[in-house]
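J.: My questions all concern the structure below.
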Amino acid sequence: MWQIIKLIIAGLFGGILGGMGMGGGTLLIPLLTVFCKVPQHAAQAVNLISFIPMAGIALLIHFKKKLVDVKGVLWIIIPSCAAAVGAAFLAKGVQADLLKKLFGGFIIVLGVYQIVCEIVLKIKEKKKRNE
């Protein structure tokens with residue numbers, strides 16, 4: 001029973017953050033693997049499946065706000081879907097321990113990238129104010 005409650009809490013937390021645009025998968029996968037003891041491959045599959053409705057709703061909202069370049073979107077959607085399917089098949093063949101390390105490395109690189117981007121933005125803003 002406690003395991004079901006932990007899974008529900010992890011799903012709600014990851015879904016809420018994903019719905020806010022904060023990358024729910026970056027938290028959902030560690031929540032599922034570390035706290036709920038879900039195998040790495042299953043956690044990543046759950047994350048990919050949960051992304052489908054969130055992405056669909058986000059796309060509808062962006063369409064309503066006329067923020068989607070319909071002509072340009074196909075150049076992104078088609079290769080992205082093909083890459084996602086290909087990566088899913090690749091991930092299936094990778095051992096869980098290596099997959100955890102790769103995902104952890106990806107999260108670290110993403111975090112460092114975001115910090116560097118924020119620092120660069122602050123420096124540019126400061127230079128503009130001083131001009």
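The values are calculated or read from the model by the stated rules, or taken from the named source; none is laboratory data. Values in this document were obtained by computation on a predicted structure and should not be read as measured data. Here the Cβ positions follow ideal geometry from the backbone for every residue, glycine too, while neighbour counts run over all protein chains shown.
J.: Looking at this structure, is Lys100 among the basic types (Lys, Arg), assigned to a helix (DSSP H, G or I) and either surrounded by 14 or more Cβ atoms within 10 Å (Cβ to Cβ) or modelled with pLDDT of 80 or more (or both)?
T.: Here the answer is yes, as Lys100 does meet what is asked.
J.: Now, a different point. Cβ-Cβ under 6 Å, sequence separation 6+ or interchain: first residue in the stretch 71-96 and touching a residue at least 40 places away in the same chain (Cβ under 8 Å), partner assigned to a helix (DSSP H, G or I). Which pairs?
T.: Ala96/Gln40
J.: Please state which one of Ala87, Ala91, Ala83 is in contact with a helix residue (DSSP H, G or I) (Cβ under 8 Å, 6 or more places away or on another chain) and closer than 17 Å to Gln44 by Cβ.
T.: Checking each option against the conditions leaves just Ala91.
J.: Can you tell me which of Lys37, Lys6 is free of Cβ contacts under 8 Å to residues at least 60 places away in the same chain, in a helix (DSSP H, G or I) and charged (D, E, K, R)?
T.: On the way: Lys37 fails: in a helix (DSSP H, G or I).
Result of the check over Lys37, Lys6: Lys6.
J.: Let me ask another. Is there any pair linking a residue in the stretch 40-68 that is under 22 Å from Ala88 (Cα atoms) to one that is of a type in the set (Ser, Thr, Tyr) and assigned to a helix (DSSP H, G or I), with Cβ under 8 Å and at least six apart or on different chains, and which?
T.: Sorted first by the residue in the stretch 40-68, then by its partner, the pairs are Gln40/Thr33; Ala43/Thr33.
J.: Would the stretch 10-24 turn up any residue that is out of contact with any Lys or Arg (no Cβ under 6 Å at 6 or more places or on another chain), assigned to a helix (DSSP H, G or I) and modelled with pLDDT of 85 or more?
T.: No, the stretch 10-24 contains no residue that is out of contact with any Lys or Arg (no Cβ under 6 Å at 6 or more places or on another chain), assigned to a helix (DSSP H, G or I) and modelled with pLDDT of 85 or more.
J.: Which members of the stretch 34-88 meet the condition of being exposed (fewer than 10 other Cβ atoms within 10 Å of the Cβ), modelled with pLDDT under 85 and either more than 15 Å from the chain's Cα centre (by Cα) or under 23 Å from Gly104 (Cβ atoms) (or both)?
T.: Ile49, Val70, Lys71, Gly72 - these are the residues of the stretch 34-88 that are exposed (fewer than 10 other Cβ atoms within 10 Å of the Cβ), modelled with pLDDT under 85 and either more than 15 Å from the chain's Cα centre (by Cα) or under 23 Å from Gly104 (Cβ atoms) (or both).
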